[in-house]
């Protein structure tokens, strides 16, 4: 019996990275997961992966564009139709990961689309699941921010602003929803994903070798092995007294100074 046995979770951004690893862990711990993302084929592969591993939880793939409110409604409807309840909400997806720039390079359209594709849809999803959680007097909300939302990180103006908004939203939800038996916590992961593996699609991306150099533990985390255990704990009854926290799951990279990041980038550009 897992720590999430019988729970129903919605995970937005489940097709890769942290969302994929989170879905694996949740189904392993007994939760049934509505796995949502734009790429349906990736979600189907995720469902098959969970089944092959023999995990007891079910996966229901739902194609979803986080910028389309009808798609968000479709995700909630899928959970209610299949299981009649929603216990856990994990908002992992973030738009514009491959379009991060310095302040002077950031235009207003990039700022708005990055915000709505992070803090904006997270706000909407909480609104949509809240009635079900209040009725059950139980809920676990997990938001996904970044060290860029907590401190200066080069070339992440709009992204950092959006993630800082998610941190603030987390604090608001934790204070206002706790009386309904709902906890809200934010996590800031540093782990392998498609963005890092492809070294992004613009010059602002920090390659994996640099991230490994900056890490006190000397490596990038794995979404399933390193990040998801904490996310399962926070979503379980065991985490019922943890509320309003912002937890960095990063191997200690969060304490690395911006100057060190810039120095590492310079060395990489010089071929050192």
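Each value in this text was obtained by applying a stated rule to the coordinates, not by laboratory testing. In this text, all values refer to a predicted model and were calculated from it rather than measured experimentally. Because the Cβ atoms are built from the backbone with ideal geometry, glycine has one as well, and the counts that use them run over all protein chains shown.
Of note:
- The GNM of the chain, with springs linking C-alpha atoms under 10 angstrom apart, assigns the highest mean-square fluctuation among 247, 86, 11 to 247.
- Set of the stretch 65-102 residues, backbone N closer than 17 Å to the point 7 Å along the Cα-Cβ line of residue 135: 73-89
- Value at 222 nm in deg cm²/dmol, rounded to 500, when DSSP H runs of n ≥ 4 in the chain each add -39,500 (n - 2.57): -13000 deg cm²/dmol
- Span from the the stretch 1-34 Cα centroid across to the the stretch 99-136 one, whole angstrom: 22
- For the chain, built as a Gaussian network whose Cα springs stay under 10 Å, the top-fluctuating residue of 190, 18, 112: 112
- Modelled FRET efficiency - R0 35 Å, residue 82 with residue 238, Cβ distances, 0.05 increments: 0.90
- If you plug the beta carbon distance of residue 266 and residue 103 into 1/(1 + (r/R0)^6) with R0 = 25 Å, you get a FRET efficiency near 0.80.
- Mean separation of Cα pairs under 8 Å and 6 or more residues apart, divided by the residue count, gives the stretch 1-154 a relative contact order of 22 percent.
- Rounded to 5, percent antiparallel among DSSP beta bridges of the chain: 0
- Gaussian network model of the chain, Cα within-10 Å springs - most flexible of 181, 57, 254: 181
- Summary of packing: across the peptides 68-77, 136-145, the per-residue average of other C-beta atoms within 10 Å ranks them, highest first, as 136-145, 68-77.
- The simple spin-label model puts a point 7 Å past each Cα toward its Cβ; for residue 39 and residue 168 those points are separated by 3.3 nm.
- Sequence-separation-based contact order of the chain, relative, with Cα cut under 8 Å and 6+ spacing, percent: 19
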